Amino acid sequence: MLEERELSEVLDEYMSDYAKGVILDRAIPDIRDGLKPSHRFFLWECYLEKLHPKAKHKKLAGVAGSTLAFHPHANTSIEQAAITISQDWVKSIPLVDIYGNNGSIDGASAAASRYIKARYNSYAELVIGEIDKLKDELLVPNYDNTCLVPKFYPSKFPIIVMNDQLGIALGMSTNILPSNSKEIIDCTIAILQNKSKEEVREIYKGPDFITGGYLLNDKKEIDKIFDYGVGSFTVQSSYELDPKHNQIIITSLPLKATTESAMNSIISLSTKMTNIENVEDLTEDNHHVRIVITCSKAKEEELDKIAKTIISKSILTSKFSANHLMLSKGKPKLLGIYDCLTEWCDFRTEIKTLELQKDLEILNKEIEKLTYRALIFEHRDELLNLMLNEKSLKNVKNIFIQYEVMPEELQNLINSTTLTSLSNDNKDAYDELISKLKSKNQSKDRIVGILKDENLIKNEIINELLEIKKCMIDRKSILVDELYSASSSVINSYKKIPTMSVIGEGMTLLNSSKGDLITDKNCLYVFLKSGSLLKYNSIKLTNLKLMTTPLNRIILKLKADDDILYCCSDQTLPDAILCCSVEGRCKRITKETLQKLAPLSTASSVRQYHKETVEYFTTDDELEYKLNGHLYKIHESNLEKSDSLGSGGRKSRKKVK
């Protein structure tokens, strides 16, 4: 039957359900086990298939395919989620052990899921915890009611703030920064011991990134993340100097940066720093970054300035913003480190109580069984006589007169007892049985005593955490009071050379990190590798609607095989430009010459500023450049100072030994 409804009502209803689904079932991790549903269900499938840390690995594609029964999304999302939590150079606490290529710190992607195998590791074992005992309490039907899945795991440690977490839901997002696992465990223990918030604050030192580096010790931001779950933190790479070989060695990267992106950033920066000669990636594994930057000859003090400038001006300096949004009892909440750990302690206390109650139930059954076995041994002679003379156990009730009604468990034990087993029983076996019974009763008394006192339950949790702490890693990020800053003496500020991206046939996009503005009162100068010069009026480039446009938004119509070597506006045009060709000929063009040129229309032919393919640009009085593996110096006094464009320069260079 069709029903007529307002569109706004329908949209409100369905969008509310969708938003709730994204928040609860996809994007936001749960405070209790620190997992998103995709991670939780993948580990559950591994658990069901007994892919424990000592088991044989299984194809990731197969495990991810089976996980679709719990998680109604594409198997590629499950595979990627599994690979992400296996990368120990990204996650402080990896949960999956991958056999095969699961990516690398150089930015290479993981192999296809059909080629790699997976199982959960010992950390995941601690997260899954004693779920066998708590299946009745923690398992719920899946999305189509065909099987049972965990609502959350009874995690034994607060992994929620040990790993970085990033998620985007409808109208909200989360970005949980990782903290050091040992510090978090110490904070948790302090909370369980009822220490004050300020005492816990003294223990927490701030975020800790698995990739290491230097973290600015900003007390204000650390207090913000501790109290409210928000804050902004700056991380810089660490480095070593090798003055003997004029080398700077980068030994760490910011979290989620790759050696490839770091190399590209340094190479891009080298266009502004003439003292960088070579950059090599000699990283051998995902935990020992080694990017070697070879510089021109310099003293150790100058080399240190160059290193600090490179790090401060590239992606080797990164900012991370915290937004600790997490699910708390099924609702998204923004929680600081202290509130998060306090809530986790309450959760863990509740779970530990349930675990102890389950242990007590198991102990009671074992004690009952041992008690019945002891009774059978004590009445062995009567039972043997009954079995030999009457050849039946019908009158066994006459032996166990202390029971008005024979317990079912005792009756089953008697029925399963054979004449041979009764004959073979001896005093040693009985003593061993009584010893076990005594031990079980002592364990029972201990658990009963713990359950009566909440502080004793917390002590049990503290003992568990102390054992877990032994397998955690030390802090990687080094806290410093001041970060590196760039040295103006090692940067050529006039070299604003943009990068070029070909975005289609005949279309080239200029990118400028400086945000150089092209206004209606100045022009854009573009020098091509072919020796051609383009001078554009901004109106021709940006149209009348965009009178002030950042350089990184300008698209030029160039040949697909042409390269941009240098680009500037009237505002950043140097007094003179020196350009050197592959053949070694150099040309000097003055600022006055360039400014006298009339701007080209977009359809005009380009002007030639050099007859040969250009290799290098500079404005230094003395130029050093590499050609065919040799280092050359060119002196401005030897250059032809013609103001006319198109004329060749005299070859004048000398090799530097």
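The values are calculated or read from the model by the stated rules, or taken from the named source; none is laboratory data. No experiment lies behind these values; they were computed from the predicted model shown. Every residue, glycine as well, gets a Cβ built from its backbone with ideal geometry; the counts of neighbours run over all protein chains shown. Note: areas computed on protein heavy atoms with side chains; ligands, DNA, RNA excluded. Shrake-Rupley method; radii C 1.70, N 1.55, O 1.52, S 1.80 Å.
Tabulated results
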{"item": "Filter result (buried (at least 16 other Cβ atoms within 10 Å of the Cβ) and modelled with pLDDT of 80 or more) within segment 591-613", "result": "Thr593, Leu594"}
{"item": "Unmet criterion (only one of (1) assigned to a helix (DSSP H, G or I); (2) on the phi > 0 side of the Ramachandran plot) for Gly107", "result": "(1)"}
{"item": "Scope segment 277-329; condition assigned to a loop (DSSP other than H, G, I, E, B), over 30 Å from Asn101 (Cα atoms) and aliphatic (A, V, I, L, M); matching residues", "result": "Ala298"}
{"item": "Unmet criterion (only one of (1) polar (S, T, N, Q); (2) touching a Pro at 6+ places or on another chain (Cβ under 7 Å); (3) within 30 Å of Tyr566 (Cα to Cα)) for Thr211", "result": "(3)"}
{"item": "Any hit, segment 123-144, residues being of a type in the set (Phe, Trp, Tyr) and part of a loop (DSSP other than H, G, I, E, B)", "result": "yes"}
{"item": "Residues located in segment 132-153, provided they are over 14 Å from Arg348 (Cα atoms), open to solvent by less than 20 Å² (accessible area, probe 1.4 Å) and in contact with a helix residue (DSSP H, G or I) (Cβ under 7 Å, 6 or more places away or on another chain)", "result": "Val149, Pro150"}
{"item": "Filter result (more than 17 Å from Leu534 (Cβ to Cβ) and out of contact with any helix residue (DSSP H, G or I) (no Cβ under 8 Å at 6 or more places or on another chain)) within segment 572-590", "result": "Cys580, Ser581, Val582, Glu583, Gly584, Arg585, Cys586, Thr590"}
{"item": "Residues within segment 224-239 that are out of contact with any Ser or Thr (no Cβ under 7 Å at 6 or more places or on another chain) and more than 9 Å from Gly336 (Cβ to Cβ), tallied", "result": "2"}
{"item": "Counted residues, segment 77-122 - those being farther than 25 Å from Gly213 by Cβ, acidic (Asp, Glu) and out of contact with any Lys or Arg (no Cβ under 6 Å at 6 or more places or on another chain)", "result": "1"}
{"item": "Residue count, segment 27-51 (criterion: over 21 Å from the mean Cα position of the chain (by Cα) and closer than 30 Å to Lys329 by Cβ)", "result": "5"}
{"item": "Residue that is farthest from Pro141 (Cα to Cα), among those in segment 71-94 that are touching a strand residue (DSSP E or B) at 6+ places or on another chain (Cβ under 6 Å) and part of a loop (DSSP other than H, G, I, E, B)", "result": "Ser86"}
{"item": "Looking only at segment 318-354, and only at residues there that are among the charged types (D, E, K, R) and surrounded by fewer than 17 Cβ atoms within 10 Å (Cβ to Cβ), the one that is farthest from the chain's Cα centre (by Cα)", "result": "Glu350"}
{"item": "Any pair with Cβ under 9 angstrom, 6 or more apart, that starts in segment 202-222 at a residue that is on the phi < 0 side of the Ramachandran plot and ends at one that is of a type in the set (Gly, Ala, Ser) and open to solvent by 30 Å² or more (accessible area, probe 1.4 Å)", "result": "Asp218/Ser232; Glu221/Ser232"}
{"item": "Failed item, numbered, when Leu419 is tested on (1) at pLDDT below 70; (2) closer than 30 Å to Leu216 by Cα; (3) in contact with a helix residue (DSSP H, G or I) (Cβ under 6 Å, 6 or more places away or on another chain); (4) not aromatic (Phe, Trp, Tyr)", "result": "(2)"}
{"item": "Filtered residue count, segment 22-60, keeping only those that are crowded, with 18+ Cβ neighbours inside 10 Å, more than 18 Å from Gly129 (Cβ to Cβ) and hydrophobic (A, V, I, L, M, F, W, C)", "result": "4"}
{"item": "Test: residue in segment 298-317 that is closer than 21 Å to Lys272 by Cβ, under 19 Å from the mean Cα position of the chain (by Cα) and open to solvent by less than 50 Å² (accessible area, probe 1.4 Å)", "result": "yes"}
{"item": "Evaluation of Leu269 against (1) open to solvent by less than 30 Å² (accessible area, probe 1.4 Å); (2) at pLDDT 90 or above; (3) within 27 Å of Thr572 (Cβ to Cβ); (4) over 23 Å from the mean Cα position of the chain (by Cα) (one fails), failing number", "result": "(2)"}
{"item": "Residues satisfying the stated conditions in segment 277-300, i.e. charged (D, E, K, R) and either within 18 Å of Val90 (Cβ to Cβ) or at pLDDT below 90 (or both)", "result": "Glu277, Glu284, Asp285, Lys297, Lys299, Glu300"}
{"item": "Extreme residue, modelled with the lowest pLDDT, among residues of segment 74-131 that are basic (Lys, Arg) and open to solvent by 50 Å² or more (accessible area, probe 1.4 Å)", "result": "Arg114"}
{"item": "Cβ pairs under 7 Å, 6+ apart, first in segment 449-468 and in contact (Cβ under 8 Å) with a residue 60 or more places away in the chain, second open to solvent by less than 30 Å² (accessible area, probe 1.4 Å) and among the charged types (D, E, K, R)", "result": "Ile457/Lys352; Glu460/Lys352; Ile461/Arg348; Ile461/Lys352"}
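Condition check ((1) of a type in the set (D, E, K, R); (2) in contact with a Ser or Thr (Cβ under 8 Å, 6 or more places away or on another chain); (3) in contact (Cβ under 8 Å) with a residue 40 or more places away in the chain) across all residues:
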position	(1), (2), (3)
Leu139	no, no, no
Asn145	no, no, no
Val149	no, no, yes
Phe152	no, no, yes
Ser155	no, no, yes
Gly167	no, yes, yes
Gly171	no, no, yes
